[in-house]
Amino acid sequence: MELQKKLVNLCAALNRAGIKYVVVGGCAVILHGYFRTTHDIDLLVEPSLENIRRLKKALYAFLGSDEVFDIRDDDIMRYAVVRFAPESEAIAIDLIGKIGKITFETTTNDIEEVEIEGIKIPVYGLTTLIETKKGVRAKEDLLFLRCKKEYIEREHK
């Protein structure tokens, strides 16, 4: 479970630094209960200058790679994805400022916390996660999420 250990340790470091972020992508789908593989950790981050600078310091403290300082403060909003993948790491970290019209600020009301090993991991709720997965290659993710949402809605009637 190298991915889970890396995710938990990364989130612990980001939480300590007070970073505003939410786990999205394949890891979020896994945290919602769908067994699948992924080779990266996708984070949608609040793109303010202060948050990005703290994020880079936290990533440096976590991984010890000064490559993180090659990321410019505005890269996360300029590019769809900023991939941080030091050679020493098997798992890449993708930093995202927005997914379509979805930003950290517009979706704070649909962030849930999953606790693993005492670490709180912010992850999108089903509604927002489904929106982020529309048009993405991983159709099985979208199918799983929609089915889970329908099941929960039926159970709560």
Report task. Test each condition in (1) among the polar types (S, T, N, Q); (2) in contact with a Gly (Cβ under 8 Å, 6 or more places away or on another chain); (3) at pLDDT 90 or above for T38 and report the one that comes out false. Result -> (3)
Query raised in the report: In segment 39-75, which residues are surrounded by fewer than 20 Cβ atoms within 10 Å (Cβ to Cβ), outside any helix (DSSP H, G or I) and of a type outside the set (S, T, Y)?
Result: H39, D40, E46, G64, I71, R72, D73, D74
Report summary line: Result of the Cβ filter at 7 Å on segment 24-39, keeping first residues that are in contact (Cβ under 8 Å) with a residue 12 or more places away in the chain and polar (S, T, N, Q) and partners that are in a strand (DSSP E or B) and surrounded by fewer than 18 Cβ atoms within 10 Å (Cβ to Cβ), at least 6 apart or interchain, is none
Report summary line: Being part of a loop (DSSP other than H, G, I, E, B), modelled with pLDDT under 90 and within 19 Å of L59 (Cα to Cα) narrows A90, A80 down to just A90
Requested in this report: Within segment 31-45, track down each residue that is under 18 Å from L95 (Cα atoms) and out of contact with any strand residue (DSSP E or B) (no Cβ under 8 Å at 6 or more places or on another chain).
Outcome: T38
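Table: residues versus (1) touching a helix residue (DSSP H, G or I) at 6+ places or on another chain (Cβ under 8 Å); (2) modelled with pLDDT of 90 or more; (3) farther than 17 Å from I91 by Cβ; (4) among the polar types (S, T, N, Q).
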| site | (1), (2), (3), (4) |
| --- | --- |
| M1 | no, no, no, no |
| V22 | yes, yes, yes, no |
| V29 | yes, no, no, no |
| P47 | yes, yes, yes, no |
| Y60 | yes, yes, no, no |
| D73 | yes, yes, yes, no |
| I76 | yes, yes, yes, no |
Report task. Of the conditions (1) under 22 Å from K134 (Cα atoms); (2) surrounded by fewer than 19 Cβ atoms within 10 Å (Cβ to Cβ), N15 clears all except one; give me its number. Result -> (1)
Query raised in the report: If you go through segment 97-113 one residue at a time, do you hit one that is at pLDDT 90 or above and part of a loop (DSSP other than H, G, I, E, B)?
Result: yes
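Would you confirm whether any residue within segment 120-127 is modelled with pLDDT of 75 or more and part of a helix (DSSP H, G or I)?
Checked segment 120-127: at least one residue is modelled with pLDDT of 75 or more and part of a helix (DSSP H, G or I).
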Query raised in the report: What number of residues within segment 82-93 satisfy the criterion of being within 16 Å of the chain's Cα centre (by Cα) and more than 20 Å from R54 (Cβ to Cβ)?
Result: 3
Query raised in the report: Looking at this structure, is D73 over 25 Å from D110 (Cα atoms) and not basic (K, R)?
Result: yes
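The values are calculated or read from the model by the stated rules, or taken from the named source; none is laboratory data. Bear in mind the structure is a predicted one, so any value in this text is a computation, not a measurement. Positions of Cβ are generated from backbone atoms using ideal geometry, with glycine treated the same way; all protein chains shown enter the neighbour counts.
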